[in-house]
Structures are given as C-alpha cells and as structure tokens.
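K.L.:
My structure is below; once you've seen it, I'll send some questions.
The values are calculated or read from the model by the stated rules, or taken from the named source; none is laboratory data. On a predicted model such as this, the values are computed, not experimentally measured, just so you know. For neighbour counting, all protein chains shown are included, and Cβ atoms are generated from backbone atoms with ideal geometry for every residue, glycine included.
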Amino acid sequence: MAKITDEMAAQFVRLNSLGRSYRAIGKMFGVDPRTVKSKVQGARGVVERDHWESVTRQVDAKYLEDHYRLIVRVAVGVLRAVRGSRLPTEPHQNARVLLDYHVGTEVMEARDVWEQVGIRYGLDDAPIGEDEDLATSMARKLFSALGQHQPELERTIDTWQKCHAQLVNMRRGLIKETGELLGRKMGRTEPNDGIAVADLALNWVFGKSQAASAEASAKPEMLAELLMEDAMAIGNVHQSEDGSESQSITAQRAILEQIIRMGKLEPVATTYGQFATAAAQIESRVTELILRRQPKGKCFLCPQP
C-alpha cells in the first residue's frame with residue numbers, strides 16, 4: 001500500500017465532504033477504505049481541535065485584557081489611598097480601610113467588565129439590594145492578584161501600611177504624654193491641650209510648619225519658640241487680652257521644649273521618613289504600571305496553560 005501523504009489525506013477529506021464514500025475514495029487511490037476513514041476522521045479531529053484552541057486563545061486574550069485593566073485600576077486605587085493619607089495622624093484612620101475604599105471604588109468603576117457577568121453594581125438600574133460585600137470581596141482578591149503580579153510593589157505597600165499604623169499610634173501616645181505633662185504643670189487637665197502640643201510637634205516633624213526650616217539639631221528652646229509662634233500666627237493658640245502670654249501658652253512652650261529634649265520626636269521622624277519613602281516608591285511603581293498597562297508575571301487569576 002502506498003504511503004499516505006498529508007496531501008492525499010487532505011484529498012480524502014475534501015472528497016468525503018463532497019459525498020464520496022470511504023470505499024469509493026479507497027478505490028480511487030488504491031487504499032484500504034478503513035485507512036481512508038481513519039485519515040478523514042483524524043483530520044477532522046485536528047481541525048476541530050485547532051478551532052477550539054483558537055477560540056480558547058481568543059477568550060483568554062479578552063479575559064487577560066479585562067484582567068489587566070482591573071489590575072491597573074487596583075493600582076490606581078492604592079495610589080489614591082496613599083495620596084489621601086500623606087499625614088497619617090487622624091486617631092481613627094486605618095490604612096487597610098483606606099485601601100479597601102479606594103481600591104473598591106476603582107474596581108467597581110470598570111462597569112463594562114462587570115456587566116458582562118451580570119453585575120449591575122453602582123448603576124441606576126442595578127437590582128435593589130445589590131451586595132456591596134461582593135464588591136469588597138472582589139477588590140480584595142484583585143488586590144492580592146496585584147501583589148502576585150508586582151511583588152516589589154506589594155512589599156512597599158506593606159511597609160507603607162505598617163508605618164501608617166505606627167505613626168497613628170505614636171501620635172496617640174504623644175497626645176497622652178503631653179496631656180499628662182501639661183496637667184502636672186498647670187494643676188489641671190484640658191482635653192485639647194495634649195492634642196495641640198502633640199500636633200505642633202508633629203507638624204514640625206512632617207515639615208508642615210514654618211519652623212520646618214529649622215535644623216533638627218537646633219536647640220529645643222528655639223524650636224519650641226518657633227513652633228509656638230507658628231501656632232499663634234494661624235490662631236491655634238491665643239494670647240491674653242492684654243497681649244501677654246497666657247498660662248496655657250507658657251506651659252505648652254515648656255512641654256514642647258521638654259519632649260524635644262527627651263528625644264520623643266526622633267522615632268516619629270524615623271518612621272515618617274520610612275513612610276514618605278514608601279509612598280514615593282508606590283507613586284513611582286504605580287505610575288510605571290499605568291503607562292505600561294500590563295503588569296509583570298502571573299497571578300492566581302490568570303488563565304492557566
């Protein structure tokens with residue numbers, strides 16, 4: 001029996017599609033009809049397999065396009081959270097909550113992606129009772145996916161979150177300590193005195209006061225004086241009606257000088273430096289991802305081979 005070439009097999013398929021029987025084709029080529037049948041069915045199987053492989057590639061390509069869009073949106077949400085918390089001193093501020101909110105908002109803005117799977121979240125015609133927990137759950141999974149795609153960004157975000165929490169706790173501790181010091185000095189405790197003194201000191205650490213230009217090695221009494229001048233200039237503390245210093249101002253200046261001498265602001269400055277560095281790195285890496293529009297590597301949500 002002659003060797004069956006690819007060209008012959010192609011002719012078998014064409015003739016069979018025109019209605020010729022396996023027996024007739026075999027007779028034409030001097031080939032066993034069973035061989036003709038095997039070649040025709042095998043060729044059709046290859047065609048069908050190639051068809052479905054092509055369909056799968058198209059589906060995967062569309063899925064990846066949407067997936068990458070969502071990953072970039074997650075990164076934008078991270079950037080918005082970071083930009084919205086440059087001074088993490090609010091007592092109830094939480095980095096995880098900030099990330100959940102901004103990432104969730106960005107993810108659900110990709111409405112065309114969610115409409116494809118029947119989710120109408122955030123739309124005027126959305127079903128009553130659309131589950132917002134679903135949005136949070138999806139956003140968190142996509143946030144994890146971003147970390148797998150961009151592990152260096154994930155590590156930087158972790159650093160930013162830890163420093164954020166530390167700074168909030170440091171402010172809380174500084175408020176308590178300055179309040180106690182003022183209470184002992186003045187013989188009474190005003191609820192806001194500790195907050196005022198702590199925030200004056202923190203504003204200097206964060207570079208948000210007129211005294212920020214003063215050298216870190218400047219004398220504590222000079223820094224305390226500059227900080228109190230700042231506070232009076234913006235109306236945070238007030239002199240007495242006759243223009244003299246009130247007992248409160250004098251006490252606050254003394255406590256400022258004391259906490260500076262005690263080195264209470266040095267750990268805050270160190271942590272804030274790490275926080276600001278992480279924020280700058282996040283900004284740089286997210287900007288690069290936005291411009292590239294395609295994250296690195298793969299994640300658990302990417303199509304598997």
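K.L.:
Output the qualifying pairs, or none if there are none: Cβ atoms under 7 angstrom, residues six or more apart or on different chains, first residue in region 293-305 and farther than 11 Å from L146 by Cα, second residue at pLDDT 90 or above.
P.N.:
Close Cβ pairs (under 7 Å, with a partner that is at pLDDT 90 or above) amount to R293/V72.
K.L.:
Mind counting the residues in region 82-110 that are at pLDDT below 70 and surrounded by 12 or more Cβ atoms within 10 Å (Cβ to Cβ)?
P.N.:
3
K.L.:
Taking helices (runs of 4 or more DSSP H) that do not extend beyond region 197-305, which have at least 1 residues that are modelled with pLDDT of 75 or more and in contact with a Lys or Arg (Cβ under 8 Å, 6 or more places away or on another chain)?
P.N.:
Answer list for region 197-305: 247-261, 266-292.
K.L.:
Residues to consider are V117, V168; find the one that is touching an Asp or Glu at 6+ places or on another chain (Cβ under 8 Å), assigned by TED's automatic domain parsing to the domain that holds V197 and modelled with pLDDT under 90.
P.N.:
Answer to the check: V168.
K.L.:
From the list L64, L15, exactly one residue is in the same structural domain as H149 (by TED's automatic domain parsing), modelled with pLDDT of 75 or more and of a type outside the set (F, W, Y). Which is it?
P.N.:
L64
K.L.:
Give region 247-292 a look and list any residue that's out of contact with any helix residue (DSSP H, G or I) (no Cβ under 6 Å at 6 or more places or on another chain), among the small types (G, A, S) and farther than 28 Å from G147 by Cα, or say none.
P.N.:
Passing the criteria: S248, A254, G263.
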